[in-house]
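Worksheet for the structure shown next.
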Amino acid sequence: MRYFLIISFCVSVLFSAELSPRSIIQARGNVQHIALSEGKIIAGTSVGTVEIFKMEDASKLSQIVLPPIKDFTGDEVAPKVFSVDILGNTLLAVVQASSGARELYLIEEGKPKVLIDAHANLFISKAKFVDKNRILVALLSNEFLLWDIEAHKEIYRIQPSSSHFSDFALNETKRMVASSSESGEITVFDALSGNIIKVLKGGNVDNVYNVDFKKEKILCAGQDRRGIIYDLKSGAYDRYDGSFLIYAGALSPSLKLGAFAFNEQNDIVLFDLATKTKVHTLKGQKSTLNTIDFATEKELVSSSDDQFIMIWRLP
């Protein structure tokens, strides 16, 4: 039986489909992060822009240009946009500030305003909406704070791990958080209270660059070349070994497919999670992948450390 499974896996690798992108979008600068919502792609770039594209035809819908900052020599430069999110028509962006600081911007009707400024001395890595009045903010120190927009204050602050922060993902209800760090462990906690629910370990033994969280599954993309998918209830996991550092990954909405940035050629490999076999290889991204996200079961979007965002359609 074991040999049959090995042979089946090898055959699937040999005959799985290689796919090219349906559409390629070129942003103004290198894409740092993307988010998807209701047929739109939101991209934060290295040249101080938040750009919104329509998935259907890859056209640009709008663009917000954030104010320049001063670098260490006193020259004005465009700030990097490290993280983006969207809720309804409101955008959220983690933006580089002067002297190495970072700020959190809220963008409504195309108008950016600073929600948390550089004087707060919060080295923000990533932020996402929990609801219209609360934002989960992750710091490089691996502290998390829940921010009340109206009251302009913290609701709670926790440090789920002493290791350096890597990534976090909210589940579909935005009530649970999976956070990763250099330790390789995944801490799951309640988004509204900060109470830790579970710590998942054993799958990765080094930094987990990227996580995705859907239903009862948590995907981990690891520096140890391991793609791990945990079952939240049992703590058990499946392991997918890559040939290079796995910088990004994503789960499909139904949990039928898992996608990983799988090799040095920046290919995205899709696995059938029921059979653990390779079903598609997505070829076209030229630089190190930083985001993969499923829009639907048959469509996903990826970005890398260059200007190009790719939209993929599965057969």
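The values are calculated or read from the model by the stated rules, or taken from the named source; none is laboratory data. As the structure is a computational prediction, the values presented were derived from the model and not from experiment. All Cβ positions, glycine included, derive from the backbone under ideal geometry; neighbour counts span all protein chains shown.
Quick check on the stretch 91-110. Is at least one of its residues part of a loop (DSSP other than H, G, I, E, B) and either under 22 Å from the mean Cα position of the chain (by Cα) or of a type in the set (A, V, I, L, M, F, W, C) (or both)?
Yes, the stretch 91-110 contains a residue that is part of a loop (DSSP other than H, G, I, E, B) and either under 22 Å from the mean Cα position of the chain (by Cα) or of a type in the set (A, V, I, L, M, F, W, C) (or both).
One line per residue, one yes/no per condition, for (1) under 18 Å from the mean Cα position of the chain (by Cα); (2) modelled with pLDDT of 95 or more; (3) part of a strand (DSSP E or B):
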site	(1), (2), (3)
Y230	yes, yes, yes
L255	yes, yes, no
G258	yes, yes, yes
F271	no, yes, yes
T275	no, yes, no
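So which residues in the stretch 186-204 are surrounded by 14 or more Cβ atoms within 10 Å (Cβ to Cβ) and of a type in the set (S, T, Y)?
Correct list: T187 only.
Within the stretch 147-168, is there a residue that is surrounded by fewer than 20 Cβ atoms within 10 Å (Cβ to Cβ), in a strand (DSSP E or B) and hydroxyl-bearing (S, T, Y)?
Scanning the stretch 147-168 turns up at least one residue that is surrounded by fewer than 20 Cβ atoms within 10 Å (Cβ to Cβ), in a strand (DSSP E or B) and hydroxyl-bearing (S, T, Y).
Regarding G235, is this residue within 22 Å of I135 (Cβ to Cβ), surrounded by fewer than 21 Cβ atoms within 10 Å (Cβ to Cβ), in contact (Cβ under 8 Å) with a residue 24 or more places away in the chain and not polar (S, T, N, Q)?
no
Taking only the stretch 148-195 into account, find how many residues are in contact with a Gly (Cβ under 8 Å, 6 or more places away or on another chain) and of a type in the set (D, E, K, R).
Selection size over the stretch 148-195: 1.
What are the residue pairs meeting all of these: first residue in the stretch 148-162, first residue over 16 Å from A138 (Cβ atoms), second residue charged (D, E, K, R), Cβ atoms under 9 Å, and 6 or more apart or on different chains?
The qualifying pairs are D148/R134; D148/E154; I149/K132; I149/R134.
Is the stretch 44-54 home to any residue that is within 20 Å of A259 (Cα to Cα) and either modelled with pLDDT of 95 or more or over 25 Å from the mean Cα position of the chain (by Cα) (or both)?
Looking through the stretch 44-54, none of the residues is within 20 Å of A259 (Cα to Cα) and either modelled with pLDDT of 95 or more or over 25 Å from the mean Cα position of the chain (by Cα) (or both).
Give the number of residues within the stretch 29-48 that are part of a strand (DSSP E or B) and among the small types (G, A, S).
So the answer is 4.
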